[in-house]
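Worksheet: the structure to be examined is printed underneath.
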Amino acid sequence: MESATRTTDALVEAARTAISARGWDATTMEEIAAAAGVSRMTLHRRGLTREGLLDALRQALVTEERDALWPALTASGSGRERLELALSALCGVSERNLAVLPVLGDDVRDAVWHEPGEGALTRPEFTAPFRRLLEDGAADGSLAPPGDLDELATVLYNQVCWTYRHLRSGHRWTPERAEKAVVELAVRGVSA
């Protein structure tokens, strides 16, 4: 994927807004440029393509998740308590990105989320915090994670992120109801 270094925060926000209104396939670079207050030619001169913008959206999501999960990683408390905090924070990030997540999850854009190859895991930039909290919980006895921690972190991440999104978008549950349901189920599945 093309580097997002030439993409400003204004362009990323403009893209989020346009995607929320019309979806990825229907959104044009012209619309994104206009929403950001620049011309399409400005995007062209910067070398920004749709794929570059997609990479910028992914980078923005990675940064947002990292910032949201940091308090759970550095908090005091058991691994279980901190995992609950982290999964709740992931729900918050998912809420703020309800329209962007399906774009980044499209099979065509597989490289955004997954390592290459068959049986791939979710990229560590998304799952490493959850692996760390599973390790901490196993060490302090508050969690009993079954099996491979990298695989389990992939399952937890996807279970919470995508199920939360589906309950919000498909079932139209409130954010509080969806978060409570997915976090409680996920934590119960790895608890001692």
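Restricting the stretch 158-174 to residues that are in a helix (DSSP H, G or I) and in contact with a Leu (Cβ under 7 Å, 6 or more places away or on another chain), the residue that is surrounded by the fewest Cβ atoms within 10 Å (Cβ to Cβ) is Ser169.
Among the residues of the stretch 60-74, is there at least one that is farther than 30 Å from Ala128 by Cβ, touching a Leu at 6+ places or on another chain (Cβ under 7 Å) and either touching a residue at least 24 places away in the same chain (Cβ under 8 Å) or among the polar types (S, T, N, Q) (or both)? It would help to see each step written out before you state the result.
Taking the stretch 60-74 and keeping what is farther than 30 Å from Ala128 by Cβ, we get none.
Looking through the stretch 60-74, none of the residues is farther than 30 Å from Ala128 by Cβ, touching a Leu at 6+ places or on another chain (Cβ under 7 Å) and either touching a residue at least 24 places away in the same chain (Cβ under 8 Å) or among the polar types (S, T, N, Q) (or both).
Within the stretch 10-45, which residues are under 24 Å from the mean Cα position of the chain (by Cα), small (Gly, Ala, Ser) and assigned to a helix (DSSP H, G or I)? First the steps, then the outcome.
Pass one, the stretch 10-45, residues under 24 Å from the mean Cα position of the chain (by Cα): 10-29, 32, 35-36.
Of the ones still in play, those that are also small (Gly, Ala, Ser) are 10, 14-15, 18, 20-21, 23, 26, 35-36.
Ala10, Ala14, Ala15, Ala18, Ser20, Ala21, Ala35, Ala36, listed by residue number.
Tallying residues that are modelled with pLDDT under 85 and surrounded by 12 or more Cβ atoms within 10 Å (Cβ to Cβ) within the stretch 17-31 yields 9.
Quick one: is Ser94 of a type in the set (Ser, Thr, Tyr) and in contact with a Phe, Trp or Tyr (Cβ under 9 Å, 6 or more places away or on another chain)? Explain how you work it out, then say what you get.
Details: of a type in the set (Ser, Thr, Tyr): yes; in contact with a Phe, Trp or Tyr (Cβ under 9 Å, 6 or more places away or on another chain): yes.
Considered against the rule, which asks whether it is of a type in the set (Ser, Thr, Tyr) and in contact with a Phe, Trp or Tyr (Cβ under 9 Å, 6 or more places away or on another chain), Ser94 comes out as yes.
If the condition is being among the aliphatic types (A, V, I, L, M) and outside any helix (DSSP H, G or I), then the stretch 46-72 contributes only Leu48. Report whether or not Ala111 is modelled with pLDDT under 85 and surrounded by fewer than 17 Cβ atoms within 10 Å (Cβ to Cβ). In short, yes.
Of the conditions (1) in contact (Cβ under 8 Å) with a residue 12 or more places away in the chain; (2) part of a helix (DSSP H, G or I); (3) over 19 Å from the mean Cα position of the chain (by Cα), Arg177 clears all except one; give me its number. Only one criterion in (1) in contact (Cβ under 8 Å) with a residue 12 or more places away in the chain; (2) part of a helix (DSSP H, G or I); (3) over 19 Å from the mean Cα position of the chain (by Cα) is unmet by Arg177, namely (1). Residues in the stretch 119-141 that are in a loop (DSSP other than H, G, I, E, B) and either among the hydrophobic types (A, V, I, L, M, F, W, C) or at pLDDT 95 or above (or both): 3 in all.
Restricting the search to the stretch 38-66, which residues are of a type in the set (Lys, Arg) and farther than 20 Å from Leu98 by Cβ? It would help to see each step written out before you state the result.
Initially, the stretch 38-66 is screened for residues of a type in the set (Lys, Arg), giving 40, 45-46, 50, 58, 66.
Hits for the stretch 38-66 are Arg40, Arg45, Arg46, Arg50.
The values are calculated or read from the model by the stated rules, or taken from the named source; none is laboratory data. Values in this document were obtained by computation on a predicted structure and should not be read as measured data. Counting neighbours? That spans all protein chains shown, and the Cβs are built from the backbone with ideal geometry, glycine included.
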